[in-house]
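To start, the structure itself, in structure tokens.
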Amino acid sequence: MRLIAISAAVIAAGAVWMPSADAAPVFDEFGYSTCTATTVPGPDQNLDVVVTGCCVNHGGLTVPTKYGLGCVKQVDNPPPDYRPTIVMPMRADPNTPEESALEELEKLPPLPPPPG
């Protein structure tokens, strides 16, 4: 009888501790932000590859925005008026025209000192 009670307790504890197969993964926002801030795209890659990899590895879903790819937490059965929080990568795409223009400005010689 005692063995049956212990077995039932172990089974009940296992049901509490084991996540269900249809549960949404937990999105690690800090891990995603750290990953995008510290991962450099390869020479033939753009930032979307980094964002996608970091997002998937940290339990999120990639979502396109007008500013580039972002990452959201998966929500099962959201209400009709649900608006997810989109987490954008922590750094800008290094291949933007603005970045190239800034690099060209940095190559110029310094301005002469003001008169007087």
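Where a number appears in this text, it was derived from the coordinates with a stated rule and is not lab data. Predicted, not measured: the structure shown is a model, and the values here were computed from it.
Pop out the ³J(HN,Hα) list for region 31-41 in order, Karplus 6.51 cos²θ - 1.76 cosθ + 1.60 with θ = phi - 60°, rounded to Hz; leave Gly and Pro as x.
x, 5, 5, 5, 4, 5, 7, 10, 9, 9, x
Starting from 0.36 nm per residue, how many nanometres of slack lie between residue 67 and residue 46 once their C-alpha separation is accounted for?
In short, 6.2 nm is gained.
Given the convex hull of the Cα atoms of region 22-103, what is a quarter of its surface area in nm²?
6.5 nm²
Would you kindly derive the ³J(HN,Hα) couplings of region 71-80 from the backbone phi angles with the Karplus curve 6.51 cos²θ - 1.76 cosθ + 1.60 (θ = phi - 60°), listing them in order in whole Hz, with x for Gly and Pro?
My calculation for region 71-80 gives 9, 10, 6, 6, 10, 7, 6, x, x, x Hz in order.
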